């Protein structure tokens, strides 16, 4: 990938001998760079994230079951939202129109970027899942404020410290 695709060719990919924190940071920084550069709508980020959370969670559950282990609760379930936050009113939104408005090419690029970054650094799935749960919480918080279909297509807002 090149700068246009969200990854700078001069960025050195951390090797498997590097600390897990550096490898997770690499994944995170590439995701942040891409979603900012392409002003990705929160709904598109949510869909790609949910795919990876589902895949990695299932793999971790299978590994844990085969080893007679249990996964920590914070990895199994989404983080809770603030008590005063409401679920979005998505059930009243026109689903066909929403799905037709998705930019599948942009979502595919994010998907590829995430898969490539995760595979290239060979980070432990538990650490990757913890990172994705942080992203999920941010996305769910923003989705909870959606009161119209247009809000779903607002660019994701990443805090400075994220």
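Please report the projected area of the stretch 17-152's Cα convex hull averaged over all directions, in nm². Before the final figure, lay out the partial values.
Numbers: hull surface 37.8 nm².
So the Cα hull casts an average projection of 9.5 nm².
Between residue 69 and residue 102, what length in nm is gained on full extension when 0.36 nm per residue of separation is reduced by their alpha carbon distance?
Values: separation 33, 0.36 × 33 = 11.88 nm, distance 3.90 nm.
The span from residue 69 to residue 102 would gain 8.0 nm if fully extended.
At 7 Å along Cα-to-Cβ for each site, give me the label-to-label distance between residue 145 and residue 29 in nm.
Taking the two extended label points, one gets 2.8 nm.
Quick one: length gained pulling residue 37 to residue 137 fully straight, 0.36 nm per residue minus the C-alpha distance? Before the final figure, lay out the partial values.
On the way: separation 100, 0.36 × 100 = 36.00 nm, distance 2.10 nm.
Difference between extended and current length: 33.9 nm.
Could I have the simple spin-label model distance between residue 122 and residue 157, label points 7 Å from Cα toward Cβ, reported in nm to one decimal?
4.1
With a 10 Å radius around each residue's Cβ, average the other Cβ atoms per peptide and rank 147-154, 120-127, highest first. Don't jump to the answer; show the numbers that get you there.
Numbers: 147-154: 15.0, 120-127: 16.5.
Output ranking for 147-154, 120-127: 120-127, 147-154.
The numbers here are math on the coordinates, done by the rules we state, and not lab data. Since this is a predicted model, take the numbers as computed values, not measurements. A quick note on method: Cβ atoms are made from the backbone with ideal geometry, for glycine too, and the neighbour counts reach across all protein chains shown.
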